[in-house]
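The values are calculated or read from the model by the stated rules, or taken from the named source; none is laboratory data. All values reported here derive from a predicted model rather than from experimental measurement. Here the Cβ positions follow ideal geometry from the backbone for every residue, glycine too, while neighbour counts run over all protein chains shown. The accessibility values were calculated without ligands, DNA or RNA, using every heavy atom of the protein model including side chains. Shrake-Rupley method; radii C 1.70, N 1.55, O 1.52, S 1.80 Å.
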There are 2 protein chains.
Amino acid sequence: MGARIEFFFDFSSPYGYLASTQIDGFADKHGAHVDWRPYLMGAAYKQSGRSPMMDQNLIGQYSVHDVARFGRMQGTPIRMPEPFPVATVAACRLYYWLFDQDPGAAKDLAKKLYADYFVNGINIGSKENVLATAKKLGHDADAAAAALEMVRIKQIVREVTDGAIARGIFGSPFFMVDDEPFWGADRLWMIKRWIKSGGW
Amino acid sequence: MGARIEFFFDFSSPYGYLASTQIDGFADKHGAHVDWRPYLMGAAYKQSGRSPMMDQNLIGQYSVHDVARFGRMQGTPIRMPEPFPVATVAACRLYYWLFDQDPGAAKDLAKKLYADYFVNGINIGSKENVLATAKKLGHDADAAAAALEMVRIKQIVREVTDGAIARGIFGSPFFMVDDEPFWGADRLWMIKRWIKSGGW
């Protein structure tokens, strides 16, 4: 049986976006299964007491440079959006609402929201924009709008986020490979080795 | 002509130590030249406003796990020392004092200090311990002790550190590859690609 990769990410994370364009192909290549698990990284920031990398002097400048370079390396279009970062709670809720019905449709939404934000500069922090994207993908606009306010959906997003933090997850992307943690879009090489060798 | 890699590190950094055991072999393999540049990362922390990873909740626990795993992967013995971190100004001064006379001897000292701290648990924040290591390597103990107080040597350490920060360097290890910045022991794969392809 292949490895199980849980792919944790925040919709506002450029490295999460960069990883999202690679992870399915990577998993296919190495006989692994991937679950996409968007969560609210802001809650993890609060727990760890750190501030977003982009806000820190020196690290922020490096990250802007590195994100663009990483995109060029992968052949992934990316442009740092404004405003940045944005709240991703609406995006998350819509993801898990769809996930309940059809995981494939949820993943399609996730890919589209990432492209909206990091390619087209659409503010996915806005409910209206997230709903417009869901509609474009053929989902019922009224049902989607109602989903954003559903107690059950809010609860799922909270549980996924709290559950992630309880397992020590804090970044984006953050991969749990059969429960072994790997932080960063730049760790796929290590996950590959880990899967191939069965750990060390 | 091969690439020039400037290898910036702090003597108190576990990831710097992990990289130090790889970088020369890596450079040889890819026809690059390496300069070892210890500096005082604490000064960069002040500039960026961040705190050491090990001190942060969630990130700290991950780092402890990751450092041990990274060591096993590489076959590099490593044990998190106590106290941690330590001030590395004496180690840096001695390094640059030797560097002036013989860069090879300076590198030997650096390797020994890293092993002292991360393998043998010797507190390299202590002047006495750093001087004892210099003596073991055959250097004159009185001259070494005097070097720690030399204005010129203090000045070099300050200039290397300020110069690094002015170039946007903040972490350990931090590689400048023909002036292109790469942060982290986990980025050698990317430096390899960069050197091979001439950048992107």
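Distances between copies at A:Asp142, taken between label points 7 Å from Cα along the C-beta direction, are 9.5 nm in increasing order. Dividing the mean sequence gap of close Cα pairs (under 8 Å, 6+ apart) by how many residues chain B holds gives a relative contact order of 30 percent.
Counting only DSSP beta bridges with both residues in the protein assembly as shown, the antiparallel share comes to about 55 percent. Carbon-plus-sulfur fraction of the accessible area of the range A:1-108, 1.4 Å probe, in percent? Percent of accessible area from carbon and sulfur atoms in the range A:1-108: 52.
What does the charge add up to near B:Ser172, with Lys and Arg as +1, Asp and Glu as -1, over the other residues with Cβ less than 12 Å from its Cβ? Before the final figure, lay out the partial values.
On the way: positive: B:Arg37; negative: B:Asp10.
Charge balance in the 12 Å sphere: 0.
Averaged over its residues, the range A:34-155 has an accessible area of 45 Å² per residue, based on protein heavy atoms and a 1.4 Å probe. Looking down the axis that turns chain A into chain B, the chain A residue with its beta carbon nearest that axis, and the gap rounded to whole angstrom, comes out as A:Trp189, 2. May I ask you to list the aspartates and glutamates whose Cα is less than 15 Å away from that of B:Lys136, ignoring any residue fewer than eight positions away on the same chain? Answer for B:Lys136, where 15 Å is the Cα cut-off: B:Asp108, B:Asp116, B:Glu128, listed by chain and number.
Taking the Cα centre of the range B:1-74 as reference, the dipole from Cβ charges on Lys and Arg (+1) and Asp and Glu (-1) amounts to some 120 debye. If you take every residue apart from A:Tyr15 with its C-beta less than 11 Å away from the C-beta of A:Tyr15, what net charge results, scoring Lys and Arg +1 and Asp and Glu -1? Surrounding charge for A:Tyr15 is -2. Spin-label model, B:Val119/B:His33: points 7 Å from Cα along the beta carbon direction are separated by 2.9 nm. Residues of the range B:53-73 whose accessible area (probe 1.4 Å, heavy atoms of protein chains only) drops by at least 10 Å² once all protein chains are present, relative to their chain alone: B:Met53, B:Gln56, B:Asn57, B:Leu58, B:Ile59, B:Tyr62, B:His65, B:Asp66, B:Arg69, B:Phe70, B:Arg72, B:Met73. Spin-label model, A:Ala87/B:Lys196: points 7 Å from Cα along the beta carbon direction are separated by 4.6 nm. What the phi angles of the range A:118-127 give under the Karplus curve with 6.51, -1.76 and 1.60, with θ = phi - 60°, is a coupling list of 8, 10, 9, x, 7, 6, 7, x, 8, 3 Hz, glycine and proline written as x.
Segment A:Gln74..A:Asp162, full-extension length gain: 28.5 nm, with 0.36 nm per residue of separation and the alpha-carbon distance subtracted. Under 5 Å from the amide H of A:Asp35 lie the amide H atoms of A:Ile5, A:Glu6, A:Phe7, each residue being 5 or more positions distant or on a separate chain, with H modelled from the backbone and absent for Pro and chain starts.
Based on the alpha-carbon gyration tensor of the range B:1-103 and its eigenvalue square roots a ≥ b ≥ c, which shape applies: rounded if a/c is under 1.5, prolate if not and a/b is larger than b/c, or oblate? Walk me through the intermediate numbers first.
Numbers: a/c = 1.86, a/b = 1.27, b/c = 1.46.
Note, shape of the range B:1-103 comes out oblate.
Give the cross-link partners of A:Lys192 among the lysines, using a straight C-alpha distance below 29 Å as the criterion and excluding same-chain residues fewer than 8 apart. Partners within reach: A:Lys29, A:Lys107, A:Lys111, A:Lys112, B:Lys29, B:Lys192, B:Lys196. Spatial offset of the range A:30-71 relative to the range A:85-109 amounts to 19 Å, using the alpha carbon center of each. How far, in nm to one decimal, is B:Gly198 from itself in the other copies if the label point is set 7 angstrom along Cα toward Cβ? Shortest first, please. Label-point separations across copies, in nm and ascending: 4.5. Association of chains A and B removes close to 3100 square angstrom of accessible area from solvent, both sides included, for a probe radius of 1.4 Å. If a spin label sat at a point 7 angstrom from the Cα of B:Asp179 along the line to its beta carbon, the backbone N atoms of the range B:21-41 nearer than 20 Å would be those of B:32-37. Remark: chain B is approximated by an ellipsoid whose semi-axes, taken from the C-alpha gyration tensor as √(5λ), come to 25, 21, 17 Å, largest first. When the dipole is taken about the Cα centre of the range B:95-157, and only Lys, Arg (+1) and Asp, Glu (-1) are charged at their Cβ, what size is it in debye, to the nearest 20? Around 160 debye, computed over the range B:95-157.
To the nearest 20 Debye, how big is the dipole of the range B:32-129 about its Cα centre, given +1 on the beta carbon of each Lys and Arg and -1 on that of each Asp and Glu?
Numbers: 11 positive and 9 negative charges, 38 e Å.
In total the dipole reaches around 180 debye.
Distances between copies of A:Arg72, taken at a point 7 Å out from Cα along the Cα→Cβ vector and listed shortest first: 3.8 nm. Using the rule -39500 (n - 2.57) for each DSSP H run of four or more residues, divided by the residues of the protein assembly as shown, the 222 nm mean residue ellipticity is -16500 deg cm²/dmol.
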